[in-house]
1. Scan the chain and hand back the longest stretch that contains none of the chymotrypsin sites (Phe, Trp or Tyr not before Pro) lying in DSSP loops with at most 15 other Cβ atoms within 10 Å.
2. Compare the Cα positions of Pro76, His37, Ala48 along the charge dipole of segment 33-85 (+1 at Cβ of Lys, Arg; -1 at Cβ of Asp, Glu; about the Cα centre) and return the one farthest towards the positive end.
3. State the number of lysine pairs found in the chain whose Cα atoms come within less than 18 Å, restricting to pairs 8 or more positions apart or on distinct chains.
4. With 10 angstrom as the radius, rank Cys40, Cys57 by how many other C-beta atoms surround their C-beta, starting from the fewest.
5. Express as a percent, rounded to the nearest 5, the fraction of DSSP beta bridges in the chain (both residues included) that run antiparallel.
6. Obtain the nm distance between the two label points defined at Asn20 and Glu103 by a simple spin-label model: each point lies 7 Å from its Cα along the Cα-to-C-beta direction.
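Rule-based calculations on the coordinates, nothing more; no lab input. The shown structure was predicted, so the numbers you read here are calculated from the model rather than taken from an experiment. Because the Cβ atoms are built from the backbone with ideal geometry, glycine has one as well, and the counts that use them run over all protein chains shown.
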Amino acid sequence: MHFLYMLLKCILFTPCRIANNKFGDDAVKFLCSALKHPECKIHTLNLAMTGLTDLACSYLGPAISANKSLRKLLLPYNRLDGPHFGDLMTALSSPPCKLEELE
């Protein structure tokens, strides 16, 4: 229940910081569903040191393409190298993506 409350807050508030937390790939899947919601106004998403792997890239790619407000995505200190990393790179180069900064 705490996670759902936090997720709803992220939809309503523009900066969302989940950094330094063992969030993981399963949780980012739910977060990406929220990012695709038309009411989502997040402009900065900090997922640094959250235990993400390249599987998270397969969720993040479509989400950042669908989100119209996200401008900055912070992913340092995660293990994103692998076959799904290309999904994120493809999304970044697609016209619908509004992201301006990726770290």
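1. Working: sites that count: Phe13, Tyr77.
Longest site-free region, per DSSP loop and neighbour criteria: 14-76.
2. Final value for the positive-end residue is His37.
3. The result is 14.
4. Numbers: Cys40 21, Cys57 25.
With the fewest neighbours first, Cys40, Cys57 line up as Cys40, Cys57.
5. Numbers: 0 of 9 bridges.
Among the beta bridges of the chain, antiparallel pairing accounts for roughly 0 percent.
6. 1.3 nm
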